[in-house]
Amino acid sequence: WGKKVYSPLVEQGMVDYLLGFEMMEAARWVEFLQPDGKIMINQYRIPPPAVTMGNATYPPKEEFDHLFSCCTKNIMWINATERAQLMGNPTLAGVILLGAVAKDLETPVGVWLKVIEQLVPERFIELNKEAFQVGMNIAG
């Protein structure tokens, strides 16, 4: 441990943006969102083991709506996985969500695209840029 410790830990109620790659995942972390924070949720379900074994049921979307609306009025549902599948690659869902949140942030679009160019394997760069733009378009 040094004088400065960099950590991904954030206190509850301090998160400006919460991206949920799956509905239950978003529900697990929603208490970290600050009251005027924004939550963007991929409208996608990955049933936990208890559900797949028949010991529990996956909550309907309405229950998630209620839970999230108790924490913030800034809720955006995104069919990121569905859109990514239409693009031919479901793993693009994360880039679609990234594009949606980028629409709200002050970082210029060119900076985001440059990062994609630097981090994504060359053969997937254009597809990832398209997915990023899809997310930005969804966010308005």
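For Tyr44, Tyr58, what's the fewest-to-most ordering of other Cβ within 10 Å of each Cβ?
Listed from fewest to most nearby Cβ atoms, that is Tyr58, Tyr44.
Please list, in chain and number order, the residues 5+ apart from Ile78 or on another chain whose amide H is under 5 Å from its amide H, with Hs placed from the backbone.
Ile41, Asn42, Gln43
Using modelled backbone amide H atoms (1.01 Å from N, in-plane), which distant-in-sequence or interchain residues come within less than 5 Å of Val120's amide H?
For Val120, whose amide H was placed from the backbone, there are no distant partners under 5 Å.
Can you tell which of Asn74, Pro48, Leu113 lies farthest toward the positive end of the dipole of the chain, using +1 and -1 charges on the Cβ of basic and acidic side chains (Lys, Arg; Asp, Glu)?
Highest projection toward the positive end goes to Leu113.
For a test of the definition: using alpha carbon positions, the gyration tensor, and the 1.5 limit on a/c, classify segment 81-140 as rounded, prolate or oblate.
It is oblate, given that a/c is not under 1.5 and a/b is not larger than b/c.
What ranking of Ile41, Ile75 emerges when the number of other C-beta atoms within 10 Å of each C-beta is taken as an exposure proxy, fewest first?
Taking fewest neighbouring Cβ atoms as first place, the list is Ile75, Ile41.
Would you work out the charge dipole size for the chain about its Cα centre, treating the Cβ of every Lys and Arg as +1 and the Cβ of every Asp and Glu as -1, and quote it to the nearest 20 debye?
240
Give, rounded to the nearest 20 debye, the magnitude of the charge dipole that segment 1-78 has about its Cα centre when Lys and Arg contribute +1 at Cβ and Asp and Glu contribute -1 at Cβ.
Result for segment 1-78 is approximately 260 debye, rounded to the nearest 20.
So if we plug the beta-carbon distance of Tyr17 and Leu119 into 1/(1 + (r/R0)^6) with R0 = 22 Å, what FRET efficiency do we get, rounded to 0.05?
0.65
Among Ile96, Ile125, Ile116, Ile39, rank each residue by its count of other Cβ atoms within 10 Å, from fewest to most, as a rough exposure measure.
Arranged by neighbour count, lowest to highest, Ile96, Ile125, Ile116, Ile39 become Ile125, Ile116, Ile39, Ile96.
Whose amide H sits under 5 Å from the amide H of Lys38, counting only residues 5 or more places off or on another chain, with H placed in the peptide plane?
Close amide H contacts, sequence-distant or interchain: Tyr17, Leu18.
Looking at the chain as a GNM with Cα springs under 10 Å, which of Pro49, Pro90, Pro59 has the largest mean-square fluctuation?
Of the options given, Pro49 has the highest mean-square fluctuation.
Among [x] 23; [y] 34; [z] 26, which is the computed percent of Cα pairs over 28 Å apart?
Looking at percent of Cα pairs over 28 Å apart for this model, the match is [z].
Just want to confirm a number: the relative contact order over segment 2-50, from Cα pairs under 8 angstrom separated by 6+ residues, in percent.
Dividing the mean separation by the residue count of segment 2-50 yields 39 percent.
Below 8 Å between Cα atoms, with a sequence gap of 6+, how large is the relative contact order for the chain in percent?
The value is 20 percent.
State which stretch of the chain is the longest one without any exposed GluC sites (Glu not before Pro), exposure meaning a DSSP loop state and at most 14 other Cβ atoms within 10 Å.
Longest stretch, sites excluded: 12-105.
Show which lysines lie in cross-link reach of Lys38 when reach means a straight Cα distance below 23 angstrom and same-chain residues fewer than eight apart are skipped.
Lys61, Lys73, Lys103
So what is the 222 nm mean residue ellipticity for the chain from helices alone, if each DSSP H run of at least 4 adds -39500 (n - 2.57) and you divide by all residues, rounding to the nearest 500 deg cm²/dmol?
-13500 deg cm²/dmol
Want the number for Glu82 to Ala50: 0.36 nm per residue separation, take away the alpha-carbon distance, what's left?
Length gained, Glu82 through Ala50: 9.1 nm.
Taken together, the values in this text are just the output of simple stated rules run on the coordinates, not laboratory data. Quick caveat, the model's predicted, so the values are computed rather than measured. Cβ: placed from backbone, ideal geometry, glycine included. Neighbour counts: every protein chain shown.
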